[in-house]
Amino acid sequence: MSQTFDEISSQLRKRHRRSARLKWISMGALGLAGLFLLWFFSDMLGKGLPAFQQAQIQVEVDYNEDASRMGRAALDPDLSRLVSRTFERMIPVQIRENPELLGTSETRWVLANAQVDQYLKGHRHKLNEQQVVLVDELLAEGRVELKFNTNFFTTGDSKMAEASGILSAAVGTVMTMLVTLAIAFPIGVMTAVYLEEFAPDNRFTQLIEININNLAAIPSILFGLLGLAIFINFFGVPRSTPLVGGMTLALMTLPVIIIATRTALRSVPDSIRHAAFGVGCSRWQVVRDHVLPLAMPGIMTGSIIGLAQAMGETAPLIIVGMVAFIPDVGASFTEAATVLPAQIFTWAGEPEKAFVEKTAGGILVLLTILIFLNATAVILRKKFERRW
Amino acid sequence: MNMQAAPRQTIGAAPEVGQPHTRNESACHDLSIRVRDLNLWYGESQALKGLNIDLFQKNVTALIGPSGCGKSTFLRCLNRMNDLIPSVRIEGLVEMDGRDVNQVKMDEVALRRRVGMVFQKPNPFPKSIYENIAYAPRMHDLVSRKPEQDELVEKALRDAGLWEEVKDKLHQPGTSLSGGQQQRLCIARAIAVQPDVILMDEPTSALDPISTATIEDLMDRLKEQFTIITVTHNMQQAARVADYTAFFHLGEIIEYNDTKTMFANPATKKAEDYITGRYG
């Protein structure tokens, strides 16, 4: 007995309803995730964007005899409480380096302190009533202003919120990543090439493969402990340096690069290998001249993603001492340094309110770099995508 | 089990079907590859069972037979491409130039220089047409200077009948050519290292009839310089291009004879049934 369309439809209705419900649930999940992301970004932007502006104040600087001992004496006593102490401290140094300044005076824009800055941005501040009145007056005269915060990008960390910047952390990150790349990329690629193209498929190599996959999932802090135990305690690599940080992160990045490289090598069709063997290539020539060039975009993509992951890593670096107060931009791989996420971590722990926006600002910088890196990976992949 | 029923697997040794037109009378061909008692196992299963065959120089030998009969496997034994498959075990003699190619002492790279290969699916390197040809001779130090290299590329492409079509676009990727052109590029690539033998594993099965005809003409011309051993599923093709034909079945060579005899008067029932299309 065959059924009519109506009969069948009525039976199907329940099934259709169920699939519609599932569709709505999955769309809801996606929407929720999107909402969280939006919230996160708007919060970060809202908190972080003000960090790219900093209050400056126009003051009369009088390079007198007293100022050469105590910078504060160069300024009007009322105004001096509104000026950043980092500036006041620099006055005696300037006079010492440049004695002809003594006896002169100039009007210039200088960094205001964090309280003025926070007041102008409408955040909580610790100015007293007279100071508020004074700042309002200066504001009306145009002698206090929020200006673009070049300081944030050109200086290192500071105990004064208004004077702290991310340059030392950014340089530390670059140096650490260079070390990571220099170690993890060649070792990772060669390991993958060996496992994929040369090694026999036996128990032993399978064991290695399982272990590599496991390594990629190990909590990163354990790599930090490994770095501490082996690199610092055993080999005596100086702690807190880009060298030891880079080596530790290289351990963490290695499995990522190995797995990405193996996938890329596997996606090169065997017909290419056969063609190369067929014209009398040795195994190494097959790999070097044919397989590796074709796999390179995939390898690059995986390595960049691995590197981006390492760049955002903090836990292992805490263990090897890279979370430190580093006001000066590092010049070598064996000098103490910090990295962007560690700097963010440090700022997040500061009790002073003005550091909140520094924290968010640092996160924005880090996110921008990571998005840039990941976009590069995606573009590389798209550009060299190949069909056989 | 059919070994007894099969004739001795050498040319002209099918006495029960005497042929007026066997070509081996007129041409006394030089031996290229001698195979004796060749057995091959994939893991536990035996794919080739006691093969004996003499392959002759500057001829086209076609290997025919139903799918899975071991003809491609046998072909790959001749330049040790089976080495790439870990589970393969080979016993027996494959002799070329008085040397056993399966010996450990034999360098498979050296072997593959003398025994080139063309595959079922055209597989040019994803490089330029020029580079596809020039790569291997450069690697083997057959050419040193650029003009030499240019000359060799042109010669190989001319021999493969591709020169006129590609001479203006030598630096375009080899993969931009049509399927038939790609296969001729692969042939040019194989002959560029001046091998003695060219193995072809169903070289036309991925091509249209016109490209197929071109390749067949090409094989006819190339056999003046090279020994060609081709696997084919196409009976007519074997009849058209091959001087000798070997019929494989279940890992054994059932019949090996010159092509005319084989197709006009097969000595075995199995070969006759296959050739007439009763199975396969």
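Summary table
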read-out	value
Residue list for segment A:61-86, given a label point 7 angstrom along the Cα-to-Cβ vector of A:GLU106 and an amide N cut-off under 14 Å	A:61-64
Longest segment of chain A lacking GluC sites (Glu not before Pro) that sit in a DSSP loop with at most 13 other Cβ atoms within 10 Å	A:66-384
Neighbourhood charge, 15 Å Cβ-Cβ cut-off, centred on A:GLY227 and excluding it, Lys, Arg +1 and Asp, Glu -1	0
Shape category assigned to the protein assembly as shown from the gyration tensor of Cα positions, a/c cut at 1.5	prolate
At most 14 other Cβ within 10 Å, DSSP loop - trypsin sites (Lys or Arg not before Pro), segment A:306-388	A:ARG386, A:ARG387
Added length on full extension, which subtracts the Cα-Cα distance from 0.36 nm per residue, A:ILE318 to A:THR263	16.6 nm
B:GLU272 paired with A:ILE25, simple spin-label distance in nm, labels 7 Å along Cα-to-beta-carbon	6.9
Most mobile of B:PRO66, B:PRO266, B:PRO209 in a GNM of chain B (Cα contacts under 10 Å)	B:PRO209
Trypsin sites (Lys or Arg not before Pro) lying in DSSP loop within segment A:109-207, provided at most 11 other Cβ fall within 10 Å	A:ARG124
Net lengthening on full extension, A:ILE208/A:ASP43 (0.36 nm per residue, minus Cα-Cα)	55.0 nm
Within-11-Å neighbourhood charge of B:GLU131 [Cβ basis; K, R +1; D, E -1]	+2
Zone of A:GLU137's modelled label, taken as backbone nitrogen in segment A:53-79 under 11 Å from a point 7 Å along Cα→Cβ	A:78-79
Among B:ASN132, B:ASN52, B:ASN123, residue whose mean-square fluctuation peaks in a GNM of chain B (springs only between Cα atoms under 10 Å)	B:ASN123
A:LYS159 paired with A:ASP328, simple spin-label distance in nm, labels 7 Å along Cα-to-beta-carbon	1.7
Degrees between helix A:355-383 axis and first principal axis of chain A (Cα, 0 to 90, nearest 10)	30
Loop trypsin sites (Lys or Arg not before Pro), segment B:217-280 (other Cβ atoms within 10 Å of the site Cβ: 10 or fewer; DSSP)	B:ARG278
Choice from A:LEU32, A:LEU111, A:LEU249 showing the highest fluctuation, given a GNM over chain A with Cα pairs closer than 10 Å	A:LEU32
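Here, each number is a calculation from the coordinates, and none is a lab measurement. Because the structure is predicted, anything quoted here is derived from the model rather than measured. When we count neighbours, we look across all protein chains shown, and the Cβ atoms used for this are built from the backbone with ideal geometry, even at glycine.
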